[in-house]
Each structure stands twice: as structure tokens, then as C-alpha cells.
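I have placed the structure first, in the form of C-alpha cells, so that the comments after it can refer back to it.
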Amino acid sequence: TCSGIVPMKYRQDTISITDFGGVGDGHTLNTKAFREAIYRIEHLKRRGGTILYIPPGVFLTGSFNLTSHMTLYLAKGAVIRATQDTSTWPLIAPLPSYGRGRERPGGRYMSFIHGDGLHDVIITGENGTIDGQGDVWWNMWRQRTLQFTRPNLVEFMNSKNIIISNVIFQNSPFWTLHPVYSSNVVIRYVTILAPADSPNTDGIDPDSSSHVCIEDSYISTGDDLVAVKSGWDEYGIKYGRKSYGITIRRVTGSSPFAGIAIGSETSGGVENVLAEHINLFNMGLGIHVKTNIGRGGYIKNITISDVYMENARKGIKIAGDVGDHPDENYDPNALPVVHGVTMRNIWGEKVLQPGSIQGLKNSPFTGICFSNIHLHGTPLWKCSDVSGTASAVSPSPCAQLTSIPG
């Protein structure tokens, strides 16, 4: 386990949302109660911090900010449910590494549960639920009536020493858990759920963040289960904050998109990522490493091992032509570097196509190392502008990967 990077804090001081007028009937709006409770925690400044206890019940609320040195604790049967009145949602500035909202120009809606510049924060409990009620946002996206980028369910910006565990997150409007410009983040024993047709409901997206530990979780969503990112084209290049030291271990799930993804927004660089003991079912793609012309940045020292996938459209894809651009100002000469991607001990059943590796003509992908990979798909790998090695791969891999016995 890598969870020891953030020690669990056992706080003595506890307040309940009901102390501030919170009503868990599923109808009463509790935004004021949440904001007042967190204001109290912020100003109490109790030694060791304070627990905000959410008892059983359904607590409807608008979005709210957390504060440092607090634990948001959901009892068994507790639900924090997002209001579907989108007009009450605060707008915040776009992330500087994206230059604009991810979906729409301009600002973006604040995440349902938000933290900026925080440290020593825990979201945990007895598998209570944080419900984004995202269908109203998904419909706005489908109908093209969104004015600004949809909110994430939980986002921590510029934060450190964060633990998220033993909570169910469901129906996020957009990406579900989004640590960005953050470090020392532990996410474990979580369940993340959204319908397979819900747009862009990624599970966990570490973004320009370091020392992130994701373990022992189940994710079933409408987009990538875990996607490591670091900024978008010229904005991500300028901001220049990489993602590194990311561990993903013992994650199970299903999605019409990818299980483990790197990218496609990798302009600040992504390196030192380990994903192991991953079980994937009913997938579009098992593993997807993705970037594009104009991204710049790099993807280096990625290790993915001990993966089982069943019922997938494609097993492995490494591609240099994936993802859109924020605007027309990207530099077509900003070519990404992909080097040192190791995949081993991967087994697939009912995989339609084993995979493809398509690098860039002026920036070939190098150091691609495959070993002990058995995908049982149609024996056709598609490859271009790539070099590396392969051992014990079936169906037979690309000719560009030099076969090394043993």
C-alpha cells in the first residue's frame, strides 16, 4: 500500500450538520447549514481539527467549500445530494493550465465539494454517498445549452495531505474526483458510479499533481476510470506543472472508454506512474496512453502490470492523435515525447482487437516494452513510428517491437 504517504488523523472534536439546522429529508436545502458548519470549523481552530458529522438521511445542498484540518464524515445511510438548480452554482476562474473551461470558453462551475489551498482534509465515513445528481448537467451537454464547463463532483486545488476513503460517489456532473496542483493525496476504498452513457464522468483524474495513491476501489462510469493529466496545449506548457509519483493499485471497474488512461492533456508532463493489479470488465479500451500534436510535454516511465480485462473492444492503445485543442493558438511544432512505457502480465478474454501503437512521424514513441501479454483478439496490431521490445506477446506484436526471447 502507498496510503502511508498521508497519515490518518483521529480528531477529538466533532460537530454535526444538524447542529446548524441541517435537515436530512431530501427536500430541505441545506446549503446554509453546510457553509455555516464549515465556517465554524475554520474559525474554531481546534487543535487536531474537527469532524463534520453527517448522520443518516438525505441532505440536499448547493456546492460548498471545505477548509483545512477537517474531516467530512458520512455515517451509514448518509447522503449529501447536489441540488439540480444549476442557476445557484458559483462560477470560478478556469484552471491556468487549461486556459479556459475544459468544455466551454471562459470560467467554469465550481465543483460540488471544493477545496483550494487546503491541507489536512479527510472525506470518509461508513460508505455514505455523495450524489451529484448529474443528469440535469448531462442533458444540458447533450442539448448543447451549457454556458460554462460542467462542475466536477469533488475537486481539490493547490492542496496537500488529502485522504478520501470509504465513500460512494455517484452521478457526477463531469469528472468525479479531481485533485489538481495538489500533492500527497490518498484515495482508497471508494466506489464511483455513473451510467455508461453519462458524458465525461471520469472516475479519478490526478492532474498536475504528485504523490497520489489510488487503491482498492471500484469505478463504473461513462468515461475513463482513472486518467492522469497535466494541462492542455500551450496553457499546460506555459504552466509547466507535471504529474508524477502516481500509484494506482487494485482497481476494478467497467466503462465504454478506458480503464487506465494517461492523457490526453499531458502538456506539463507525466512521469513515474505505476498501475498494477487492475481488473476491467465490459470496456471500450483496457489501457490508453494518449497525446496529440500541440501538446508538447512528455509521457515517461509508465509501468502497467498485472491487468485482467474481459469483454473489451481494444486491449492496448498508445496514440499521438487523440484529444482536441483549446483554441487555434496551439503550436503544431510542440510535439510530445513518449518514452519508457512498460506493460507486462496482461491477460485478456473476449478482446476484439489486441491493440495499436501509433507514434508521431517527427517524434516517434521509444522505449515501449511489452512482456507476457496475451489478449486473444484478432491477430492484428497496428503500429507506426514506434520502437521498443516485446517478449511473450500474443497475438504477435508489431514488427517494430524487437522480439526478445525469455
For the range 16-69, how many residues meet the condition of being among the aromatic types (Phe, Trp, Tyr), in a strand (DSSP E or B) and in contact with a strand residue (DSSP E or B) (Cβ under 6 Å, 6 or more places away or on another chain)?
-> 2
Pairs returned, first residue in the range 226-247 that is closer than 19 Å to residue 327 by Cβ, second residue that is aromatic (Phe, Trp, Tyr) and outside any loop (DSSP other than H, G, I, E, B), beta-carbon separation under 6 angstrom, 6 or more apart or interchain, are 231/239
Of these, 30, 65, which one is open to solvent by less than 10 Å² (accessible area, probe 1.4 Å) and within 27 Å of residue 137 (Cβ to Cβ)?
-> 30
Tell me which residues, restricted to the range 365-389, are buried (at least 20 other Cβ atoms within 10 Å of the Cβ) and either β-branched (Val, Ile, Thr) or within 18 Å of residue 300 (Cα to Cα) (or both).
-> 365, 368, 370, 373, 386, 388
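Please find, among 331, 306, 321, the residue that is touching an Asp or Glu at 6+ places or on another chain (Cβ under 7 Å), under 24 Å from residue 274 (Cα atoms) and touching a residue at least 12 places away in the same chain (Cβ under 8 Å).
When all the criteria are applied, what remains is 306.
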The condition of being under 23 Å from residue 268 (Cβ atoms) and acidic (Asp, Glu) holds, among 116, 131, 120, 135, only for 116
Residues that are open to solvent by 10 Å² or more (accessible area, probe 1.4 Å): which strands (runs of 3 or more DSSP E) entirely in the range 215-314 hold 3 or more of them?
-> 243-262, 270-290
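The values are calculated or read from the model by the stated rules, or taken from the named source; none is laboratory data. Predicted model, so just to flag it, every value in this text is computed and none were measured. Positions of Cβ are backbone-derived with ideal geometry, glycine not excepted, and every protein chain shown enters the neighbour counts. Just so you know, the surface numbers come from the protein's heavy atoms only, side chains and all, with ligands and any DNA or RNA stripped out. Shrake-Rupley method; radii C 1.70, N 1.55, O 1.52, S 1.80 Å.
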